[in-house]
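Below is one structure, written out as structure tokens; comments come after it.
The values are calculated or read from the model by the stated rules, or taken from the named source; none is laboratory data. Being a predicted model, the structure only gives us computed values, none of them experimental. We place every Cβ from the backbone using ideal geometry, glycine too, and count neighbours over all the protein chains shown.
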Amino acid sequence: MGLFDRFRRVVKSNINDMISKAENPEKMLNQLIVDMNQQLIESKKSVASAIADEKKLERQVNENRSQAAEWERKAMMALKAGKEDLAREALVRKQEYDSYASQLEEQWTAQHESVEKLKESLRGLQQKIDEAQRKKNLLIARSKRADAQKKIQQTVSGMSNSSAFEVFDRMAHRVDQLEAEVAAAGEIADMSSRGDELEDRFKELEGSGSAGTDRMLEDLKKRMSLEDNTKSSQGASTSDSTDTGGSSSVEDDPLEELKKKMNDGVEE
């Protein structure tokens, strides 16, 4: 595999990695959930404000109804006192409060309906966010599985590439060559050691032959020296026996010995 092919593979892997990171499903889904939760918070604020307006209108309706009832009570009190003009003014005031209360009640009714719709929409949004959260977890799990499968397929595809197998073949050939070189070196070393051993054996044999000759020579010298000594000793013993032959014979003859003793006794 050439340098250009290696460079192209590295660039391709880096580009794919950048694209994958830019389109990371997990990050995108998390961001969507964050945006939806932010929308939910804003929606809750809007609904809370609408509910507050509804409560305010309801309170105003009740206040105007109370004021209308109060002016009606005052009109009845004026009639009992025989003051019709005062009772008539009180009824006018009652009508004003009733009219204003009716207007407020219409607004309250519309506001109440709007609030109920907002509440329903808020509940729907909350459900959608919950569902999105569950889907997000499932999608992230699926994305991770798909990414793992993609990496495995890329690995298998890279292994099936002829250039990858060429690398393995080249390495296998290199290992075979190294093993052959090691075996050859060992064989040469064995041959050299066997040659040295053979020479040592011949040297030992030659040395043993020379030593044997030396020993034989020494033995021969010893035997010759021993024979010379033996002959010398025999010659000396012969001459001694010749010189002392008479005395020896006298000493060995019993008769001569007896005569000598008798002569010695007479002389005494």
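Summary of values
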quantity	calculated
Subset of region 113-122 [buried (at least 18 other Cβ atoms within 10 Å of the Cβ) and not β-branched (Val, Ile, Thr)]	118
Counted residues, region 70-106 - those being exposed (fewer than 14 other Cβ atoms within 10 Å of the Cβ) and hydrophobic (A, V, I, L, M, F, W, C)	4
Residues within region 20-64 that are of a type in the set (A, V, I, L, M), more than 59 Å from the chain's Cα centre (by Cα) and loosely packed, with under 14 Cβ neighbours inside 10 Å, tallied	1
Of residues in region 131-168 being surrounded by 11 or more Cβ atoms within 10 Å (Cβ to Cβ) and of a type in the set (Asp, Glu), the one modelled with the highest pLDDT	147
Number of the condition not met by residue 50 [criteria: (1) in contact with a Leu (Cβ under 7 Å, 6 or more places away or on another chain); (2) at pLDDT 80 or above; (3) under 17 Å from residue 130 (Cα atoms)]	(3)
Residue within region 77-99 that is within 30 Å of residue 46 (Cα to Cα) and either assigned to a helix (DSSP H, G or I) or modelled with pLDDT under 90 (or both) present	yes
